[in-house]
Amino acid sequence: MNKTLMRLTNFLSIMLLIGLLVSGCIPSHQQEKGQTPNREIKVPDNGSENQLNGKDMKLQLHINEGLFHSVAGWKDNETIFYILNDDEGSEVHTYNLYSGESELFYHSDVPIVQMAANAEKNLFLIHTSPSSYEADLIFLNKRAEIQYQTKINSFELSFTWNQANPSQIFLTSFKEDWTFDTYLIDLNEEKMVENPIEIPFIQWMDSVKVSYLKWDLDTPSLAAPLYLYDLDNQSEKLIAENVVANTNFNDLLTTIELIDDNGTAVVRFYHNDDQKKFAEMPTRLVALYSDWSIPYHDMDSRENLYYIFEVNEEKTDFSLVSFSPERNEKEVVIEKIKNFPIKLSPNGEYALYGPRYEKLIDLKKQSIKELIKLN
């Protein structure tokens, strides 16, 4: 294997590992078939209620461990999606955290690998895998009505919804040898364009501009330059150097930029329209083999608060911290917490948390609750 392919394989493996953690550590191909578990879901009784933010939340949701795949995300401020898998197929259910009601949202005869909502929470991608090398992509509205459906060859799949245009999504389909194809789907036009960008991982800036890290695969490095790319005129513009991660939110571009080889880093905030830096937050990174472990992070766009897991100076424990770019203020939310995926509720009051989003963080009360109880 040549150096270029080795670096590409290592890089893609790390990026996809993050995606697999988010989707519940289940590979894109079919799960091993076995004995069908008992499909039993118990709604919490009054003894499981928790008083959070002045309202009673009905936690925990009891699910058979053999069925539970993951919590898939937020439907709205009060309702989550969760996925169940067994030999008969897969189901997406909704669960209202206050009423305790659980309802079937979507059924698939083949395994559901992952599900993700767009920024407006009005379109939902269901990724199913009828075989090891196929991916069915089903796009549903809030009533679980199919808006668009297509099939592509894929061993692993990565995708990014456009937060500026909720009907656009960018997908990357990896083959088993880590070569890949990219796709741009516009659900309003019901159109799919193949290979609009020959970069596997991008972040949207608006309807026609994206950003991406441009790694030199022939020369190993710990960071890469970040570029803006215009889909219309196919032009490229340098935004920042020494970047290890890039995530974009509404009207906001964020980077994690490396300062030195000891893991000293800084989170920088840029305006989307002119790519001008307007705030930064010093932080630290933990080494991961020949790369850096990227801490999980998310943004409360309503309150303009950035949440990230930050390692301490000894690099032995993480804390969940919030940072206000406007006030240049950092606050510790929860100390001694593991660096697991988080996904904020639309109103920014709660966060799904954990390898399979099986826990719930109350960000106001700075507490963690068990959301899913496995039997």
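The values are calculated or read from the model by the stated rules, or taken from the named source; none is laboratory data. Note that the structure is predicted; figures quoted are calculated from it, not measured. As a convention, Cβ positions derive from the backbone with ideal geometry for all residues, glycine included, and neighbour counts pool all protein chains shown.
Closer than 22 Å to Trp178 by Cα and among the β-branched types (Val, Ile, Thr), is that true of Val267? The answer is no for Val267.
Of the residues contained in the range 343-359, none is found to be surrounded by fewer than 13 Cβ atoms within 10 Å (Cβ to Cβ) and more than 30 Å from Asn64 (Cβ to Cβ). Might you let me know whether the range 185-205 holds any residue that is touching a residue at least 12 places away in the same chain (Cβ under 8 Å), under 15 Å from Leu125 (Cα atoms) and among the charged types (D, E, K, R)? Scanning the range 185-205, I find at least one residue that is touching a residue at least 12 places away in the same chain (Cβ under 8 Å), under 15 Å from Leu125 (Cα atoms) and among the charged types (D, E, K, R), so the answer is yes.
Candidates Val243, Val266: the one that is surrounded by 18 or more Cβ atoms within 10 Å (Cβ to Cβ), touching an Asp or Glu at 6+ places or on another chain (Cβ under 8 Å), part of a strand (DSSP E or B) and not polar (S, T, N, Q) is Val243. Go through the range 288-314 and report how many residues are exposed (fewer than 13 other Cβ atoms within 10 Å of the Cβ) and either at positive phi or touching a residue at least 40 places away in the same chain (Cβ under 8 Å) (or both). The number of residues fulfilling the criteria is 4.
Among the residues of the range 169-184, write down those that are closer than 21 Å to Phe249 by Cβ and buried (at least 21 other Cβ atoms within 10 Å of the Cβ). Result: Ile169, Phe170, Leu171, Thr172.
For the range 151-177, the set of residues classified as farther than 20 Å from Thr128 by Cα and of a type outside the set (Gly, Ala, Ser) consists of Asn162, Gln163, Asn165, Pro166, Asp177, listed by residue number. Against the test of being surrounded by fewer than 16 Cβ atoms within 10 Å (Cβ to Cβ) and modelled with pLDDT of 50 or more, the options Gln51, Gln60 yield a single qualifying residue, Gln51. In the range 353-374, the residues that are within 15 Å of Leu84 (Cβ to Cβ) reach residues that are small (Gly, Ala, Ser) with C-beta atoms within less than 8 angstrom, at least six apart or across chains, in these pairs: Arg356/Gly24; Arg356/Ser70; Tyr357/Ser70; Tyr357/Ala72; Tyr357/Gly73; Glu358/Ser70. The residues on offer are Ser211, Ser207, and the sole one that is hydroxyl-bearing (Ser, Thr, Tyr), closer than 27 Å to Ser324 by Cα and part of a strand (DSSP E or B) is Ser211.
Only one entry of Glu236, Glu257, Glu280, Glu313 meets the criterion of being of a type outside the set (Phe, Trp, Tyr) and not in a strand (DSSP E or B), and that entry is Glu313.
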